[in-house]
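So the structure is just underneath, and the comments pick up after that.
The values are calculated or read from the model by the stated rules, or taken from the named source; none is laboratory data. Because the structure is a prediction, the values reported are computed rather than measured. Cβ coordinates were reconstructed from backbone atoms using ideal geometry, including for glycine residues, and neighbour counts include every protein chain displayed.
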Amino acid sequence: MAYHAKGWNNPSIGIFLQNPVDQSKNDRNRESTKSREPGKNKLYPHLDFTDEQKEMIVKVCDALCQIFPNIPKILPPLGDDGLITTAVLPKSERVGILANYNVQSGTLGPGDSLWVEFYRAKFPIRNL
């Protein structure tokens, strides 16, 4: 098990999706995409997740929310730009499905493309 959310490994379930991000390491003909850099919202190019990864992460999160009823099936709130926030959330707001960048600074994961799959699966967005 890897510590990929410092201080939040005991009260949470972390999921790691393999993605080299670096476009020069594109050995499987992955699509390229752009995401907002956390804290800056500048776009940066990176390799995207595969369609299979995107589909599976939604299924896994849905199943975990059913198995563990204390994990609400809800996404982070929207930021000022109308998209899922890339900000580190206060501890009291860290509930449901979160990105690494919602828990700690200095990480890019997972980027914006995964949220589209959650929207399609009708996961609600949390209102503040």
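Can you tell me which residues in the stretch 67-124 are out of contact with any strand residue (DSSP E or B) (no Cβ under 9 Å at 6 or more places or on another chain) and under 18 Å from residue 51 (Cα atoms)? Explain how you work it out, then say what you get.
So the first thing to find is which residues in the stretch 67-124 are out of contact with any strand residue (DSSP E or B) (no Cβ under 9 Å at 6 or more places or on another chain), and the list is 67-73, 80, 82, 87-95, 100-101, 103-107, 109, 114, 116-117, 120-122.
Within the stretch 67-124, 109, 114, 116, 117, 120, 121, 122 qualify.
Could you check the stretch 35-49 and list, in sequence order, the residues that are surrounded by 15 or more Cβ atoms within 10 Å (Cβ to Cβ) and either part of a strand (DSSP E or B) or at pLDDT 90 or above (or both)?
Initial filter on the stretch 35-49 (surrounded by 15 or more Cβ atoms within 10 Å (Cβ to Cβ)): 35-36, 38, 41, 46-49.
Within the stretch 35-49, 35, 36, 38, 46, 47, 48, 49 meet the criteria.
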Test set (1) within 24 Å of residue 42 (Cα to Cα); (2) exposed (fewer than 14 other Cβ atoms within 10 Å of the Cβ); (3) in contact (Cβ under 8 Å) with a residue 12 or more places away in the chain - residue 106 fails condition number | (3)
Only one of (1) assigned to a loop (DSSP other than H, G, I, E, B); (2) buried (at least 17 other Cβ atoms within 10 Å of the Cβ); (3) out of contact with any helix residue (DSSP H, G or I) (no Cβ under 8 Å at 6 or more places or on another chain) is not met by residue 97, so which one is it?
-> (3)
Give the number of residues within the stretch 50-82 that are exposed (fewer than 13 other Cβ atoms within 10 Å of the Cβ) and among the charged types (D, E, K, R).
-> 5
If you take the residues in the stretch 50-87 that are of a type in the set (Val, Ile, Thr) and either outside any helix (DSSP H, G or I) or in contact with a His (Cβ under 6 Å, 6 or more places away or on another chain) (or both), which one is nearest to residue 108 (Cα to Cα)?
-> 86
